[in-house]
Amino acid sequence: MNDAAPPQEHPALARAGLLVVDKPAGMTSHDVVARCRRLLGTRKVGHAGTLDPMATGVLVLGVERATKLLGLLALTTKSYTATIRLGQSTVTDDAEGETVATTDATHVTDEQIGEGVAALTGDIQQVPASVSAIKIDGKRAYARMREGEAVELKARPVTVSRFDVLARRDVPGSGFVDVDVDVDCSSGTYIRALARDLGAALGVGGHLTALRRTKVGPFGLEHARTLEQLADDPTPSLDIDAAVRTAFECRTISDEEVGLLANGRWLEPVGIHGVYGAVDAQGRAAALLQEKGKRAAAVFVVRPSNM
């Protein structure tokens, strides 16, 4: 009778996973990564896309071996709740920048706001905010702005699939109108640019005063934990197996096929488009695959034979 315990998982796998943080306001994404490195006791923490310091909400981090998943995640759709202030434009298109102009906006009607929002919904051409991280001749736009350069970015296509007005609030004694909105959009869409463009279309200027990301790809606030909660339980939100099952379409493979992938071999294709997961009958991730011709080849082996 063989009572031998199953082999121990490699430490880089045992602690690997995705950490979904509810980012607080005032911290950069790099600040959050640094805090999480300390809390989890590892340098191997990276982020999948950033949030502005002003913004709160969903920030996806990879821990240990799961950092290799970050560049493969399909985080192409994002959802936000935001507040747009009509009647004031700023140099950064948000509340952190210097005021450029102030105009009484109280005459703007709900119908006009609705028309302006509708015009910014769908497939649109958007000029990114001048303080964005987009590179111009190898240097980020925000860095050029800080050095006093005039930054002009070209419009690019983005998709705003939902842009709903939740509430309108006139700010007493200021001439400002605050508009609470929900936005679903493609990656690369700047919510502060929507605020700027809505204000410009209404002739009163506008900027963003609050921004909360509620979802990115398949990860929402239901997966997210605050840094305080993480301090009490410093573990990933999803281990590497759950992360693969949540983030990717998956195919179940045999133990023999698991062995093939672990040793750098390929599998027969099954007609799945894009990068997808290969998991065993117990839901343990073997690899991420991509099909080309007559092969389903690994783009990332989760459990290689040498681990």
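The values are calculated or read from the model by the stated rules, or taken from the named source; none is laboratory data. No experiment lies behind these values; they were computed from the predicted model shown. All Cβ positions, glycine included, derive from the backbone under ideal geometry; neighbour counts span all protein chains shown.
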Considering region 38-63 alone, what residues qualify as being on the phi > 0 side of the Ramachandran plot and either among the β-branched types (V, I, T) or under 16 Å from the mean Cα position of the chain (by Cα) (or both)? G49, G57
Which condition number in (1) assigned by TED's automatic domain parsing to the domain that holds A167; (2) within 24 Å of Q229 (Cβ to Cβ); (3) among the polar types (S, T, N, Q) is the one that T83 fails? (2)
Condition first: crowded, with 21+ Cβ neighbours inside 10 Å and among the hydroxyl-bearing types (S, T, Y). Now tell me which residues in region 112-131 satisfy that. S130
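This table checks each residue for (1) touching a Phe, Trp or Tyr at 6+ places or on another chain (Cβ under 7 Å); (2) modelled with pLDDT of 90 or more; (3) not acidic (D, E); (4) not assigned by TED's automatic domain parsing to the domain that holds I84.
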site	(1), (2), (3), (4)
V127	no, yes, yes, no
I134	no, no, yes, no
R140	no, no, yes, no
E149	no, no, no, no
R156	no, yes, yes, no
T159	no, yes, yes, no
F163	no, yes, yes, no
V183	yes, yes, yes, no
S186	no, yes, yes, no
If only one of A66, A25, A82, A74 is under 22 Å from G220 (Cα atoms), small (G, A, S) and under 15 Å from the mean Cα position of the chain (by Cα), which one is it? A74
Boolean, T159 is among the β-branched types (V, I, T) and either assigned to a strand (DSSP E or B) or over 30 Å from A12 (Cα atoms) (or both): yes
For D182: the one exception among (1) touching a helix residue (DSSP H, G or I) at 6+ places or on another chain (Cβ under 7 Å); (2) within 24 Å of V127 (Cβ to Cβ); (3) assigned to a strand (DSSP E or B): (1)
Taking D164, is it part of a strand (DSSP E or B) and either touching a residue at least 12 places away in the same chain (Cβ under 8 Å) or not polar (S, T, N, Q) (or both)? yes
Could you tell me whether G97 is at pLDDT below 95 and under 27 Å from A167 (Cβ atoms)? yes
Could you run through region 49-70 and say how many residues are free of Cβ contacts under 8 Å to residues at least 60 places away in the same chain, of a type in the set (A, V, I, L, M) and surrounded by fewer than 21 Cβ atoms within 10 Å (Cβ to Cβ)? 1
Determine, yes or no, whether V108 is assigned to a helix (DSSP H, G or I) and either more than 27 Å from the chain's Cα centre (by Cα) or at negative phi (or both). no
Scanning region 73-111 for residues that are surrounded by fewer than 18 Cβ atoms within 10 Å (Cβ to Cβ) and of a type in the set (D, E), the one farthest from K215 (Cα to Cα) turns out to be D104
